[in-house]
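Take a look at the structure below.
Every number in this text was worked out from the coordinates using simple rules, so none of it is lab data. Being a predicted model, the structure only gives us computed values, none of them experimental. A quick note on method: Cβ atoms are made from the backbone with ideal geometry, for glycine too, and the neighbour counts reach across all protein chains shown.
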């Protein structure tokens with residue numbers, strides 16, 4: 001009798017220890033050794049129970065009902081093992097099918113080729129969390145990248161749970177992926193296949209493209225941290241893997257030949273000799289970004305006139321496509337061409353206080369002209385250049401839109417890579433790239449995409465863009481007002497009216 005009680009106690013303690021050992025990793029993930037010890041002790045206690053009752057178990061096993069029950073138990077265990085093994089094999093070796101509407105989870109042939117020919121290891125840290133919009137796209141794409149190439153290692157980091165790692169990598173925006181290889185680091189903030197594959201290519205090579213900002217004529221500085229400076233542009237370009245330099249025009253005649261020359265709205269005149277040097281730089285295959293604000297002299301006026309480019313004398317205004325209920329001169333540009341720079345834009349670009357850009361085709365016959373960004377047909381060119389913050393269109397005195405705010409010139413002569421030999425982007429505004437406005441999503445995308453295209457970075461691999469199944473709707477101020485009226489006034493009043501009607505009708509029954 002005493003032995004029976006001991007055996008029962010051993011069985012209870014053994015079961016409790018086994019259950020506790022199985023649940024221990026849920027509370028203490030790093031307690032593998034303790035889990036093994038607890039499970040081992042529990043197994044020994046159960047073995048002791050069976051040893052004490054060995055004779056009883058042997059006698060019971062001779063009964064037909066016991067054999068049938070044991071057979072059923074073994075059948076259930078065997079079926080469970082088959083299901084578990086099937087799930088394991090399916091997770092490791094089963095084929096995958098992409099049933100999404102636009103095949104967003106199927107990589108292109110070029111990406112598979114890049115993944116299989118990576119020259120060295122690439123580590124990818126994705127700073128995101130499950131509730132973030134970019135978490136799903138990053139996980140869907142980078143999981144395939146990690147699976148297809150042994151040289152790719154992907155790690156997801158929640159910046160809220162691991163702030164030290166986020167600080168180490170200088171993460172200022174959620175849904176940022178950092179590609180590391182050797183000394184190189186590339187930051188990606190758009191989880192699509194083109195951006196990720198190009199980042200793989202760029203980070204796995206040693207040579208960097210050099211960008212040069214022109215100085216000496218009152219241009220904005222990349223070291224200026226004030227709202228009118230370009231320090232945020234510098235940080236963003238550095239994180240994209242570019243080498244940055246500040247140069248004067250005279251440096252262009254030496255051995256300094258940057259991939260892209262950026263001229264951010266000079267306030268002082270550029271001499272004819274310096275303009276000739278810049279012209280020779282472009283003619284020899286150089287790439288140029290020129291930004292010019294209204295209320296200032298037109299930069300490179302002589303050279304632009306030679307190329308057939310004309311910049312407007314007034315300030316562009318639009319009562320419809322503007323920033324909130326602010327001044328009509330704070331343009332939210334939503335109309336883009338199908339050029340590679342702007343082909344997948346979903347966010348408008350904020351251009352505060354801009355001038356128009358146009359082409360005189362008679363003078364610009366050696367160039368192909370593309371209007372990258374345009375204002376709406378309701379815009380106009382405000383010629384009253386006073387400090388009026390709420391200008392209005394004056395019929396007969398001012399011109400209606402649409403107007404081009406950013407344009408691209410590409411030479412008709414092609415280089416050895418079948419790309420235009422020279423290219424110039426002219427933007428009728430420089431404030432959009434300053435610290436005060438650069439963090440606006442459309443501004444960041446437009447500037448970085450422009451630089452990448454001019455530096456031929458986005459041509460590392462050419463992927464056919466996939467049309468997204470979801471197209472976000474960004475309302476203008478008039479549409480915002482209509483939505484507020486419909487949601488805040490019309491729907492509640494309609495519900496109240498219907499409720500009163502039903503209540504009155506029921507009372508009359």
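If each residue's Cβ is checked for other Cβ atoms within 10 Å, how do 329, 143 rank with the fewest at the top? Let's see the in-between values first.
Numbers: 329 21, 143 13.
Ascending number of Cβ neighbours within 10 Å: 143, 329.
Would you please put 482-490, 109-117 in order of how densely packed they are, using the mean number of other Cβ atoms within 10 angstrom per residue and starting with the highest? The partial results should precede the final answer.
Working: 482-490: 11.1, 109-117: 15.1.
Top of the packing list down: 109-117, 482-490.
Determine, for each peptide in 179-191, 270-282, the mean count of other beta carbons within 10 angstrom over its residues, then list the peptides with the highest first.
Details: 179-191: 18.5, 270-282: 16.0.
For the peptides 179-191, 270-282, the packing ranking is 179-191, 270-282.
Going by how many other beta carbons lie within 10 Å of each one, how would you line up 147, 161, 339, fewest first?
Values: 147 12, 161 9, 339 15.
By the 10 Å Cβ count, ascending, the order reads 161, 147, 339.
Any chance you could run the full-extension gain for residue 347 through residue 320? It's 0.36 nm times the residue separation minus the Cα-Cα distance, nm to one decimal.
On the way: separation 27, 0.36 × 27 = 9.72 nm, distance 1.61 nm.
This chain segment gains 8.1 nm when fully extended.
Report P(r) for segment 258-351: all Cα-Cα distances, bin width 10 Å, range 0 to the bin holding the largest distance, values in whole percent.
For segment 258-351, the binned pair fractions read 14, 35, 34, 16, 2 percent.
Per residue, how much space in cubic angstrom lies within the convex hull of the C-alpha atoms of segment 109-187? All intermediate terms of the calculation are to be shown ahead of the outcome.
Numbers: hull volume 7.5 nm³, N = 79.
Cα-based convex hull of segment 109-187, divided per residue, equals 95 Å³.
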